[in-house]
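As structure tokens, the structure follows; a few thoughts come after it.
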Amino acid sequence: MSESDLAATLLVVAKAPIAGFAKTRLTPPLSPAEAARLAADALLDTLDAVRLSGARHVVVAWTGELDRAERAGELAVALGDCVVIAQRGNDFGQRLANAHADAARLGLPVLQIGMDTPQAGPELLAASARLLLDSGDSVLGPATDGGWWALGLPDPRPARLLTEVPMSTDRTGELTRKMLHHCGYRVHDLPTLTDVDHYEDARAVATRCTGRFAHTLEHLDRVSP
């Protein structure tokens with residue numbers, strides 16, 4: 001698939017993979033530096049996938065200091081192909097809503113993902129964006145923990161209501177779906193994926209991908225006592 005086949009913007013919401021700042025629920029058994037390295041690999045795999053998905057634009061809503069991040073040089077190169085914007089807001093719901101509004105300024109429907117589903121390859125992202133474009137409605141990717149891994153909107157206005165949805169709970173997906181229905185959208189489901197929150201999640205996700213993330217986790221499993 002060539003670039004600009006899909007008239008959509010892929011939005012990645014990302015946190016700098018800094019030890020003690022990113023993926024802290026992976027410690028223990030990982031050290032803070034190991035958890036941050038795994039987060040960096042997940043983000044790099046994700047950026048590869050979005051670049052190959054065929055989406056016309058890639059926007060990364062970023063927080064944290066890149067120069068303190070694990071794999072900072074590789075990330076700087078990968079981010080060079082993206083429009084990078086600063087996350088804005090006092091809590092995660094506000095940051096998501098503002099990121100949707102900022103990404104939508106490019107004038108295209110927005111499919112938003114995070115940095116902790118490295119198993120979401122370019123084919124899945126392309127199919128998800130295509131469903132968003134073809135349906136003219138919203139798309140939602142449920143997560144196994146009750147949240148969601150992807151949200152696609154043809155218009156950024158419903159994202160404002162994400163400020164009223166409790167994040168990181170086992171009802172986040174359900175309440176987001178209700179919010180979308182309240183805004184008059186039908187919700188088209190994407191495949192259910194597992195977010196990398198805990199080490200058991202990381203192991204499960206690694207069995208479904210072959211990139212840096214899986215390679216690093218295999219190495220960490222080998223060297224762990």
Estimated translational D of the stretch 1-127 in µm²/s (Stokes, Kirkwood radius over Cα pairs; 4 °C; 1.567 mPa s): 88 µm²/s
Per residue accessible area of the stretch 126-225, 1.4 Å probe, in Å²: 52 Å²
Amide H partners (placed H, <5 Å) of His188, local residues excluded: Ser138, Val139, Leu140
Pairwise FRET efficiency - Glu65 versus Thr144, Cβ, R0 = 35 Å, nearest 0.05: 0.65
Computed E for Thr192/Asp48 - FRET, C-beta separation, R0 25 angstrom, nearest 0.05: 0.65
Amide proton proximity set for Ala8, modelled H, under 5 Å, gap of 5+: Arg56, His57
In order through the stretch 50-65: 3J(HN,Hα) via Karplus (6.51 cos²θ - 1.76 cosθ + 1.60), integer Hz, x for Gly, Pro: 5, 5, 8, 6, x, 5, 5, 10, 10, 10, 10, 8, 10, 9, x, 8
Extension reserve of the His219-Ala101 stretch, reckoned as 0.36 nm per residue once the Cα distance is removed: 38.5 nm
Accessible surface of the chain [probe 1.4 Å, protein heavy atoms]: carbon and sulfur percent: 49 percent
Whole-number percent relative contact order across the chain, with pairs defined as alpha carbons under 8 Å at least 6 apart: 23 percent
Rg(Cα)/(2.2 N^0.38 Å) for the chain, N = residue count: 0.95
Sites Ala33 and Lys178 - FRET efficiency at Förster radius 35 Å, r taken between beta-carbons, to 0.05: 0.30
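The values are calculated or read from the model by the stated rules, or taken from the named source; none is laboratory data. Keep in mind the model is a prediction, meaning the values are calculated, not measured. With ideal geometry, Cβ positions are generated from the backbone for all residues, glycine too; neighbour counts draw on all protein chains shown. Side chains included, ligands, DNA and RNA excluded: accessible areas come from the protein's heavy atoms. Shrake-Rupley method; radii C 1.70, N 1.55, O 1.52, S 1.80 Å.
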